[in-house]
Each structure stands twice: as structure tokens, then as C-alpha cells.
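Accompanying notes for the structure given below.
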Amino acid sequence: MRKLFSSFYVRLSVLFLILLLFMGAIYITISVRSSIAFVEEADQKMNANLAGSVALEIAPFVQDSILTSNIQSLLHYLMVINPHIEIYLLDSSGSILAYFADQAKKVRRGSVSLQPIVEFIRSGPTASVKGDDPRDLNRQKPFSVSPIRLKNNMPGYVYVILGGEQYDLASDAIKEQFLSSTIARGLVIALVFTGLLGLVFFFLMTKRLRTVTDVVTGFKNGNFDKRLTDDAQDDFGRLSLAFNQMADTIALNIEELKHSDNLRRELVANVSHDLRTPLASIQGYLETIVMKRDSISTDEIQRYTNISLQNARYLNQLVDELFELSKLNAIHKKPAKEPFSISELIQDVILKFRSQAEAKKVELTCRHEQGIPLVTANIGMIERVLSNLLDNAIRYAPENARVSLELIPGDDFVRVKVSDSGPGITDEDVPHIFLPYYRGNRSSSRQNQGTGLGLAITKRILELHDSNIHVASELDKGTTFYFDLARA
Ligand code: ADP
């Protein structure tokens, strides 16, 4: 039952039916009341002079003393003709001196209010006013009144209540008659018809609400693909549109969360794997030094310490690059950019790698024409990209190889090329080298203990600059990486 009433449609329908019944009841009450008022008013107008006639008739019997029995017999015929009237004799203050009506019925008031009497006399036969009913303390009824001279010429009134108790019976009959009349039947049919029509309309209107509820509930239960199809130009249409937009945003956020959760898992798995090897090596060498400190030579200790140091440096680099990559992946906003001279930047980077190149006897050159335009980018990030590419080129290059940096201005960009005459990259490796942790399969790659994160960082930085990195490589001939930067 409670569940039934929790439905918006049922609530709306019940409320509507109650309002209909209420309206019907008000209509019937107003109609019955106005019918009775009409009858009463007509009755009063028709009998406006009745009290005057009675006063004329009974005047001789009230001048010395009130001769009740004479009056009674005089009025008898009148009461027979018009049984619903009650005649009262009042003094000037409204007190009842005598009454002529069905004696079996009790008179409950000793006096009646003079105010309606005075008003009736003032307004004349057109008056429509009700006076106190002496037989009922709470009711007022239509009446007719006329002044009369009593004993010692004292003023008094003949007060005729129209309707009397008979009248009540008549008004009850009116009510009954009304309820069974065609108007009442018509009213009931109209109410039933309106009620049914209302129920059907409400059902159709709330059907859209039920659809919304179904889809929203489905969404809550994990059905993120469902959308509302209501595109009407009304409140429901707007609600549907707002819901669909909200659902799209939530679904996208969930997708992103899933994606970043996967990335995080992958990262944790890779990190633990990558950290384990150098850590195990450091631990192994240090344990050997500790356990065999009496039996091993100083040279061996030196060698073991150097290897451990190398591994520690590698660990340090790995952690730094991991941190850098995860920071770059978390960025969704574009980095702050500024115009700068790319030719000056490459000179700085070349200077930084000069000694590393010389140590490996690699020839490091820079080629570009005069007046290379400024580019707009994040200078720190682009320096990182150039360093990664140059570091790879020198690291993977054999002795006496050549590494060159080249700038080629385009219409709205400047192309940056880093080429080497190194070992090249195999066709199987090329599609994967920009993935985090991917290291080429060639022996040279393995020996050049890298973290496998450099190119992933490079790619991500260029993505944040709406640019892309490209590679062209030929085995045993060399590799060229290139990317474009927007001109300032
Ligand atoms: P790593 O730390 O291994 O250098 P990177 O992401 O920088 O990681 O590079 C991924 C792989 O791409 C390397 O392992 C290597 O096989 C290959 N690679 C990158 N640059 C060069 C290059 N200039 N010459 C040959 N191979 C390269």
C-alpha cells in the first residue's frame, strides 16, 4: 500500500479525485443553498403583506386584553389554508406576548430581535431579510411583520414566521429532489468523465517521468550506456538533455579513472620489476664485500663498489624519470609557453653534451641557416626533449660516429632534426620505442643500460605541445628523430 502511494502517478490521481469530489460537493451545496434561498425569498415577497392582513383581522381582539381563543378561532381558517405559517404577537421590545401555531411544538425564545423587524418595515414589501425563529435558538427564517396597537394604545407587532417547521420538511425535500435531479446526475457523469480523463492524462504525462526514473536507476546500477531520448521542448526535454550531458561526463570520468587506474597498476608492476634487478645487484655486491672482506683483494672491492655505485645511479635516474613521466601524464592543461630562440637553445644543449660526445669520440655538429624564427613552447620541456634525443644518439652511437642537430624553418613551424650514424633501430622495435619501459632488442640497447622512459617522456612533452615525434631509421646506417614546433 505504502509502495503504491509512493508512486507519483497514484498520488497525483488521488489528489485529483479528492479535488474533483470536493468541487462536486461545493457545487451541490451552493446549488441547494441558492435554491432554498430563492424559494425563501420568493415566499417572503409573496407573503409580505400577510402580517398586515392578520393585524387588521385581530386588532379588535387585542385592544383591551389579548383574547387568545377568539384570535385562535379567527385565524384557524388561515392556518388551515397555509399550514406552514406561525403567528406571534410581540410588544414594542420584541417580547412574545402570544403565539398562534401548532401548540404541540415548543416556543424556545421569550423575545425576538427587533433589528430585522425594523429593517423589514423600512424596506417595505420588497424586503429580503430573515428574523429570529422563536422555535429554534440557532435559526433565522423569512417572515412578515406589521405594527399593531395593543392595550392602552401601546405599539406592538404581528410577527408571522413563514415556513415554520413545515418549511424545514420542504427544504429537506428540495435537497433530496436536487440530489435525484437530472442536474445532479449530469454532475456525477461529468465528474466521472473528467476523473477518468484526468487519470488517463496523468498516466500519459507521468509515463515520461517513469522513463526518466528507469534510465536513472539503470545508470545508478551501472548501465552507463543508456540515455534518455526525450527531445521535446519542455521541462522533460530539458531534464533529459541535462541528464544525458551529466551521464556523458560521468561515463567519461569513469573511463579516465579506469585508464589511470590501469596506468597506475602497470606503473607499479614495471617499477617493482625495474627496481628489483639493480637493488638485488647492489645488495649482492655489498653482501660479498661484507662477508669476504678478509679474503678479497682491494681491487675486487673497488670493482664491486663501482658496480654498486653504477646501479645506485641508475636507480636514481629511474626514479627521477618515473616521477617525471607520471607528472607529465597527470597534466591535462597545456604547459605555459613563451617565444624563444630554438637556435640558441640547441647551442646550449650541444655545449652540455660536448664532453660526453668527446669521451666517445662522437662528432657533434649543428646545422641551420641564419635567422631561424622564434618558436613558442615551454623552453624547459623542449630542452628536456633535445637532451633525451641527443643522449640516446650519443649513447647508442659507436665510436667515431656522427651526431647532428638540424633546424629547418617551415611556413608556421620550425622542424628540429636529431640524426646519428649509429646502429639504427629494427623494424620490430620502431612501433614500440615510444612506449614506457620499452628497450630495443639489439645488444647495443641492452648494454646502454637505459631506463626505457626517455622517449616516452619526449613523446608526452610534444603531445602537450600539440606536436608529434617521428622517427626514420635504417639498420647500421643511422637514425633520425624529428618534430615540429610552432613559430612565434
Ligand atoms: P632507453 O633508456 O632504453 O634509451 P628510450 O625510451 O630513450 O629508452 O629509448 C627506447 C629504445 O629506443 C632504446 O632502448 C633503443 O633501443 C631505441 N633507441 C632510441 N634512440 C636510439 C638511437 N638514437 N639509436 C638507436 N636506437 C635508439
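The values are calculated or read from the model by the stated rules, or taken from the named source; none is laboratory data. From a predicted model like this one, the values you see are computed outputs, not experimental measurements. Neighbour counts run over all protein chains shown; Cβ positions are idealised from the backbone, glycine included. Accessible surface is based on the protein model in full, side chains and every heavy atom, while ligands, DNA and RNA are left aside. Shrake-Rupley method; radii C 1.70, N 1.55, O 1.52, S 1.80 Å.
Yes or no: Arg442 within 9 Å of the ligand (Cβ to nearest atom) and either open to solvent by 60 Å² or more (accessible area, probe 1.4 Å) or modelled with pLDDT of 95 or more (or both)? Show your work before the answer.
Details: within 9 Å of the ligand (Cβ to nearest atom): yes; either open to solvent by 60 Å² or more (accessible area, probe 1.4 Å) or modelled with pLDDT of 95 or more (or both): yes.
Against the criterion (within 9 Å of the ligand (Cβ to nearest atom) and either open to solvent by 60 Å² or more (accessible area, probe 1.4 Å) or modelled with pLDDT of 95 or more (or both)), Arg442 qualifies.
Checked against (1) free of Cβ contacts under 8 Å to residues at least 40 places away in the same chain; (2) assigned to a loop (DSSP other than H, G, I, E, B); (3) within 13 Å of Leu150 (Cα to Cα), Ser113 passes all but a single condition, namely (3).
Name the residue, out of Ser467, Ser473, Ser421, that is away from the ligand (no atom under 11 Å from the Cβ), surrounded by fewer than 21 Cβ atoms within 10 Å (Cβ to Cβ) and among the small types (Gly, Ala, Ser). Working first, answer last.
On the way: Ser473 fails: away from the ligand (no atom under 11 Å from the Cβ); Ser421 fails: away from the ligand (no atom under 11 Å from the Cβ).
One residue alone meets the criteria, Ser467.
Of the numbered criteria (1) surrounded by fewer than 17 Cβ atoms within 10 Å (Cβ to Cβ); (2) closer than 28 Å to Arg264 by Cβ; (3) within 9 Å of the ligand (Cβ to nearest atom), the one Thr426 fails is (2).
State yes or no: is Asn441 touching a helix residue (DSSP H, G or I) at 6+ places or on another chain (Cβ under 7 Å) and not hydroxyl-bearing (Ser, Thr, Tyr)? Walk me through how you get there before you give the answer.
Numbers: touching a helix residue (DSSP H, G or I) at 6+ places or on another chain (Cβ under 7 Å): no; not hydroxyl-bearing (Ser, Thr, Tyr): yes.
So Asn441 fails the test.
One residue stands out in region 42-87 among those that are crowded, with 16+ Cβ neighbours inside 10 Å and charged (D, E, K, R): the one that is farthest from Val129 (Cα to Cα), namely Glu86.
Among the helices (runs of 4 or more DSSP H) confined to region 1-95, the ones with at least 3 residues that are touching a helix residue (DSSP H, G or I) at 6+ places or on another chain (Cβ under 8 Å) and more than 21 Å from Glu119 (Cα to Cα) are located at 8-46, 68-81.
Under the condition of being of a type in the set (Val, Ile, Thr) and at pLDDT below 95, which residue from region 404-439 is nearest to the chain's Cα centre (by Cα)? Steps first, answer last, please.
We begin by selecting, within region 404-439, every residue of a type in the set (Val, Ile, Thr); these are 408, 414, 416, 418, 425-426, 430, 433.
Add one more test, that the residue is at pLDDT below 95, and what stays is 425-426, 430, 433.
Numbers: Ile425: 56, Thr426: 57, Val430: 50, Ile433: 48 Å.
The selected residue is Ile433.
Among residues of region 212-236 that are over 28 Å from Glu256 (Cβ atoms), those with a beta-carbon under 7 Å from a residue that is open to solvent by less than 100 Å² (accessible area, probe 1.4 Å) and assigned to a loop (DSSP other than H, G, I, E, B) at least six positions away or on a different chain give the pairs Phe236/Asp230. Please work out if Ser355 is more than 30 Å from Gly284 (Cα to Cα) and touching a His at 6+ places or on another chain (Cβ under 8 Å). Spelling it out, it is not the case that Ser355 is more than 30 Å from Gly284 (Cα to Cα) and touching a His at 6+ places or on another chain (Cβ under 8 Å).
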